[in-house]
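A.B. asks: Structure incoming, see below.
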Amino acid sequence: MAVRERIEEFVAWANDEATAQGLPGEVIPPDAYGGFGLARFRRTLAWHIARRPGGLVALAIQYGHLRTALDRDESGRYGSRSRRGIHDLVDVETALATADAAADLHERFQDGEGISGPAARRALLEASTGPLFRGALVKADFARKHVLARRHLARDGGVLYDNPHALLLCLYKRDRALCEQDGQHDAPSLDRCVAGCGNTVRTDQHAALLRERASHLERKAARLPGPIGDRLRRNAGKLRSWADEHDRTRFTRQETTA
Ligand code: SF4
């Protein structure tokens, strides 16, 4: 059976279950663009990998669990181009995600939010004056989009990655990256982020999220026995110390223009 049909069958099954369980909010709505084909399935996966690096989808692809689906073409035949296809798509989605991160940082700073970190000033400069990723504007030609994405991501020290795991932004500069000791990689290992790296940027929002995560760990620790609870409390303390450091060192647009 073609992957497209399998996806559509899955949507029908999920909707029947949602209705049977009395959960109308969980129903998958009809698709305004027609059936959910394999091309869009791959793009959706690429979107998740780019925005949740190290997440379940990324790992499933890395370890081959999704290979069967991705090796097939639209009609269900096995092809060789589609595996390369997912990697090219991930490049484009990653470039889009980094452009979004830069635009978001610029907007937050303009709106008065404070930022901190050793790469904060460089990141602001990049976000306000760096070249834009034009891939989103190139409509039909995916190959061209991919070339632009590779070029955009190759700017060492000029690409801003959101790192939701570590609650920070990473302005990746190879020779400063603590997650890549060999200095060979052209992208950060966001799931192996190391505290104290010179590529770090934090906003007030990150500080608030660090405290939220710390409170969550402390609540969990209160229900767990000795050493496990102690470990969670230590982690919570670390998160709070990073948030406090942000508060001590943050600067705002108002301060820089005063
Ligand atoms: S250690 Fe963290 S901040 Fe530094 S380059 Fe790696 S992911 Fe980015």
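The values are calculated or read from the model by the stated rules, or taken from the named source; none is laboratory data. Because the structure is predicted, anything quoted here is derived from the model rather than measured. Because the Cβ atoms are built from the backbone with ideal geometry, glycine has one as well, and the counts that use them run over all protein chains shown.
A.B. asks: Which residues, taken from the stretch 1-43, are of a type in the set (Val, Ile, Thr) and either over 26 Å from HIS87 (Cβ atoms) or free of Cβ contacts under 8 Å to residues at least 12 places away in the same chain (or both)?
C.D. replies: Hits for the stretch 1-43 are VAL11, THR19, VAL27, ILE28.
A.B. asks: If I ask for residues that are in contact with a helix residue (DSSP H, G or I) (Cβ under 9 Å, 6 or more places away or on another chain) and not acidic (Asp, Glu), which ones from the stretch 1-18 would you list?
C.D. replies: Passing the criteria: MET1, ALA2, VAL3, ARG4, ARG6, ILE7, ALA14, ASN15, ALA18.
A.B. asks: Which numbered condition in (1) near the ligand (Cβ under 10 Å from one of its atoms); (2) at pLDDT 85 or above is the only one that HIS185 fails?
C.D. replies: All conditions pass for HIS185, except number (2).
A.B. asks: Would the stretch 191-202 turn up any residue that is more than 20 Å from PHE109 (Cβ to Cβ), assigned to a helix (DSSP H, G or I), modelled with pLDDT under 95 and within 16 Å of the ligand (Cβ to nearest atom)?
C.D. replies: Yes: one or more hits.
A.B. asks: Continuing with the same structure: Can you give me the number of residues within the stretch 143-190 that are part of a helix (DSSP H, G or I) and surrounded by 18 or more Cβ atoms within 10 Å (Cβ to Cβ)?
C.D. replies: Residues flagged as part of a helix (DSSP H, G or I) and surrounded by 18 or more Cβ atoms within 10 Å (Cβ to Cβ) within the stretch 143-190 amount to 7.
A.B. asks: Condition first: crowded, with 17+ Cβ neighbours inside 10 Å and touching a strand residue (DSSP E or B) at 6+ places or on another chain (Cβ under 9 Å). Now tell me which residues in the stretch 205-258 satisfy that.
C.D. replies: Hits for the stretch 205-258 are HIS206, ALA207, LEU210, TRP242, ALA243, HIS246, ARG250.
A.B. asks: Let me ask another. Does TYR161 qualify as being under 24 Å from GLU212 (Cβ atoms), modelled with pLDDT of 85 or more, within 13 Å of the ligand (Cβ to nearest atom) and among the hydroxyl-bearing types (Ser, Thr, Tyr)?
C.D. replies: yes
A.B. asks: Now for a separate question. Residues to consider are ARG234, ARG176; find the one that is more than 27 Å from ALA102 (Cβ to Cβ) and either within 16 Å of the ligand (Cβ to nearest atom) or modelled with pLDDT of 95 or more (or both).
C.D. replies: ARG234
A.B. asks: Go over the candidates ALA243, ALA222 one by one and state the one that is closer than 28 Å to PHE109 by Cβ, of a type outside the set (Lys, Arg) and either in contact (Cβ under 8 Å) with a residue 60 or more places away in the chain or away from the ligand (no atom under 16 Å from the Cβ) (or both).
C.D. replies: ALA243
A.B. asks: Among the residues of the stretch 134-149, is any at pLDDT below 90 and within 21 Å of GLY198 (Cα to Cα)?
C.D. replies: No, the conditions are met nowhere in the stretch 134-149.
A.B. asks: Look at the stretch 78-112 and say how many of its residues are over 21 Å from the mean Cα position of the chain (by Cα) and at pLDDT 85 or above.
C.D. replies: So the count comes out to 3.
A.B. asks: Identify, from the list SER116, SER215, the residue that is among the polar types (S, T, N, Q) and under 21 Å from THR249 (Cα atoms).
C.D. replies: SER116
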